[in-house]
Amino acid sequence: MTARYQVARAAGATAAGLSRLAGRGTGTQIGGRVILAIDPTAMARAAGGRELALVSGTNGKTTTRTLLVAALETVEPVVSNAGGANLPAGLTAALTADTTSRLGVLEVDEPFLPRVVEAVEPRVVVLLNLSRDQLDRYAEVRRLAGIWHDALTGPHALAVVANADDPLVVWAASAAKNVVWVAAGQGWTFDSTSCPACGDILTRDGRRGWRSNGCGLTRPTPDWSVTDRTVTAPDGSSYDVELAIPGAVNVGNAALAAAAAAHWGVAPGAAFAAMARIPSVEGRYLETSFAGRPLRLLLAKNPAGWVEALAMSRPDAPVVVSVNARAADGRDPSWLWDVPFEVLRGRHAVASGERSRDVAVRLRYAGVDHVRVDDPADALRAAHGSGPVEVLANYTAFQTFRRVVGDG
Amino acid sequence: MADPVRIVLVFPALLGTYGDGGNASVLAQRLRWRGIDAETIDVGVDDALPGEADIYVLGGGEDTAQTLAVSRLADGTLRRAADAGKQVFAVCAGFQILGETFLDGHGEVHAGLGLIDCRTDRLPGSRAVGELLGDPAVDGIAGPLTGYENHGGRTLLGPAAQPLALVRAGIGNGDGGDGAVQGSVVATYLHGPALARNPALADWLLTRVVGTLAPIDDTEESELRRERLAFVRHGRSRRWRRQWKPPARDS
Ligand SMILES: [Zn+2]
């Protein structure tokens, strides 16, 4: 361990502590930034000697990371970057805070995956999906697939666990030598109309198959398949996956996590049993109550995530739709028009958040009965009826609702 | 009962990156709320573009999708519809491909469909990302036009086209104007829910199809417009624009 790295770690811990004392959250990000400023190689040093799995993709990073941690913790303790700190500073802080765990699972913000792969030399990289998200920052989804493809090209020893149903992911992963394909599903196809390799149209067969008319890139035969709630492992054994968290999409995420955990010898049955016990993931899917009324929190950050969250929500419950447009959300809420809010017709909705006016106009054109209430607590009170309320919120709006219901 | 007004959403799987499909829904709903039957038709990439429709709506898209869309539209159906006076409303990349030329994903000059007398190259400097505000440059549209833009293209109009608006805040075409009007073809860089944010523009387009429209209650749209106009007026948009950086790719 170099002197510079030791100084960097100590300074980072001090900065994080001061930030906590000042009431600015956990101080993870600031601590990590201080460490990297003093020793730019700190992420690589902190990763040294460990066996790491990285998880990246537009949706499901935090959930899949949590599922994989549960599976690996059946073997031994695991270091992980909880709390959504998935940029290099957050990863560095998480790794320097835990010097003993030999295994680690890190979720990584999509554009930073190449840099993190290079620095930490992971054993496994899990690639979930790619779709439009924060277009004001990232401009084009295809470019993310391109930089992943470049990062995985070369003589890496790493294994990739990749979603065979997402053409963008398949093209990126196909650059790697060792890939395990998982049929984790794709609910949103609008960002993979054309082939990520050659640009020609992708033909779909109405089930899960797809093929490029131009270059022949096609859906790989999955090693792990998923049908409804049944996951079939490469050896042909099948598992009924009954998770406490909702959503068909999360069965796919569990299959990806199980395929990754298998690299450490965790049997699928043991992995799924550990995953099944997770009740919620950093507030996501949390079942709680407010003013005596049951409610559930669902996070949705982009059109693909909203389609999933709308599918998870109870078909008869009123819905609070809360949207902000801060930097972490993306400044442009135009994506509201990509989300099929028409499925909420017949239910009562409350438009809330800092961009409640955009939500209200969207709901008006979707034909959904609604009111607009900016304040989150008042929004919960405004939902019709007395049964459970579903809260669907994007990133920073979700954090607001977690505080309102006393979680986080 | 009269035939429904047919609104065609052109290849939403290719041209619809920023929720632009919403423009077709807005047009249809604003007719229905007035008791006028309307039908929206989403055209898939493998389907032929219907020749007999009243309004064609095109959205934004990524570079390769844009080039694919041009090849799918090269059969002349859209051009014949425009020549026959059918309304065409195009946003962002959809606007660019209706011009004489645009730049493809490799930066090469690509022939457009030639429905608008304009050429698109690159804006000097970084992409235009942020709120866009303009005053209508054509008669009959009340109030400023407001929306969001996110593009790297600069579009210079020729003599046959006139701008849709004169830019007050933001970039637009890059020469002080935004969008284009040429006969029955109307285009803008206001993406996403341009017509939801600007019901006067939606009704102006619809009036060109069905004639005078009865007024409807646009309270919620007005509240949204007031908020966005105040936001731009306070200059917060410009500050954000300066902060915008492309994501780190090789650092
Ligand atoms: Zn191809």
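The values are calculated or read from the model by the stated rules, or taken from the named source; none is laboratory data. The structure presented is a predicted model; accordingly, all values stated were derived computationally and were not measured. Ideal geometry is used to build each Cβ from the backbone, glycine not excepted, and the neighbour counts take in all protein chains shown. Please note that ligands, DNA and RNA were not included when accessible areas were found on the heavy atoms of the full protein model with its side chains. Shrake-Rupley method; radii C 1.70, N 1.55, O 1.52, S 1.80 Å.
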Exclusive hit being closer than 26 Å to residue A:104 by Cα, open to solvent by 50 Å² or more (accessible area, probe 1.4 Å) and away from the ligand (no atom under 16 Å from the Cβ), set A:254, A:244 | A:244
Residue selected from region A:110-150 under the condition within 14 Å of chain B (Cβ to nearest Cβ) and closer than 28 Å to residue A:233 by Cα, by the criterion most open to solvent (accessible area, probe 1.4 Å) = A:149
Tally time: how many residues in region A:350-399 are open to solvent by 10 Å² or more (accessible area, probe 1.4 Å), of a type in the set (S, T, N, Q) and touching an Asp or Glu at 6+ places or on another chain (Cβ under 9 Å)?
-> 1
Flagged in region A:68-85 as among the polar types (S, T, N, Q), open to solvent by 20 Å² or more (accessible area, probe 1.4 Å) and in contact with a strand residue (DSSP E or B) (Cβ under 8 Å, 6 or more places away or on another chain), in numbering order, are A:80
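Suppose the filter is open to solvent by less than 10 Å² (accessible area, probe 1.4 Å), touching a residue at least 60 places away in the same chain (Cβ under 8 Å) and more than 16 Å from the ligand (Cβ to nearest atom); does residue A:265 pass it?
In short, no.
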Is there any pair with a first residue in region A:364-393 that is part of a loop (DSSP other than H, G, I, E, B) and a second that is surrounded by fewer than 17 Cβ atoms within 10 Å (Cβ to Cβ) whose Cβ atoms are under 6 Å apart and which are 6 or more apart or on different chains, and what are they?
-> A:367/A:345; A:368/A:345; A:388/A:294
Would you mind stating whether residue A:403 is part of a helix (DSSP H, G or I), open to solvent by 40 Å² or more (accessible area, probe 1.4 Å) and of a type in the set (D, E, K, R)?
-> yes
State the number of residues belonging to region A:334-363 that are assigned to a loop (DSSP other than H, G, I, E, B) and over 25 Å from the mean Cα position of the chain (by Cα).
-> 4
Does residue A:58 satisfy the condition of being polar (S, T, N, Q) and either assigned to a helix (DSSP H, G or I) or surrounded by fewer than 23 Cβ atoms within 10 Å (Cβ to Cβ) (or both)?
-> no
Any chance residue B:42 is over 11 Å from residue B:7 (Cα atoms) and within 14 Å of chain A (Cβ to nearest Cβ) | no
Mind checking which residues of region B:170-196 are assigned to a strand (DSSP E or B) and open to solvent by 20 Å² or more (accessible area, probe 1.4 Å)?
-> B:182
Could you check, for region B:77-89, whether at least one of its residues is closer than 27 Å to residue A:206 by Cα, more than 12 Å from chain A (Cβ to nearest Cβ) and touching a residue at least 12 places away in the same chain (Cβ under 8 Å)?
-> no
So which strands (runs of 3 or more DSSP E) are wholly in region B:1-95 and hold at least 3 residues that are open to solvent by 10 Å² or more (accessible area, probe 1.4 Å) and closer than 29 Å to residue A:302 by Cα?
-> B:38-42
If you check residue A:262 against the conditions, is it under 22 Å from the mean Cα position of the chain (by Cα) and in a helix (DSSP H, G or I)?
-> yes
Restricting region A:308-333 to residues that are assigned to a loop (DSSP other than H, G, I, E, B) and polar (S, T, N, Q), which is nearest to the other protein chains (Cβ to nearest Cβ)?
-> A:324
Can you work out which of the residues in region A:187-214 that are in contact (Cβ under 8 Å) with a residue 40 or more places away in the chain and open to solvent by 50 Å² or more (accessible area, probe 1.4 Å) is farthest from the other protein chains (Cβ to nearest Cβ)?
-> A:208
Residue B:109 versus (1) among the β-branched types (Val, Ile, Thr); (2) out of contact with any Gly (no Cβ under 9 Å at 6 or more places or on another chain); (3) surrounded by 19 or more Cβ atoms within 10 Å (Cβ to Cβ); (4) away from every other protein chain (no Cβ under 14 Å): which is the lone unmet condition?
-> (3)
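Could you list, in sequence order, the residues of region A:216-232 that are within 16 Å of the ligand (Cβ to nearest atom) and not hydroxyl-bearing (Ser, Thr, Tyr)?
Filtering region A:216-232 down to residues within 16 Å of the ligand (Cβ to nearest atom) leaves A:216-220.
Correct list: A:216, A:217, A:219, A:220.
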Those strands (runs of 3 or more DSSP E) completely within region A:147-215 that have 3 or more residues that are more than 15 Å from the ligand (Cβ to nearest atom) are A:159-163, A:178-182
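Hey, can you tell me all the residues within region B:156-166 that are outside any loop (DSSP other than H, G, I, E, B) and open to solvent by 40 Å² or more (accessible area, probe 1.4 Å)?
B:156, B:157, B:162, B:166
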Just one of the numbered conditions (1) in a strand (DSSP E or B); (2) more than 17 Å from the chain's Cα centre (by Cα); (3) more than 14 Å from chain A (Cβ to nearest Cβ); (4) not acidic (Asp, Glu) is not true of residue B:102; which one?
-> (2)
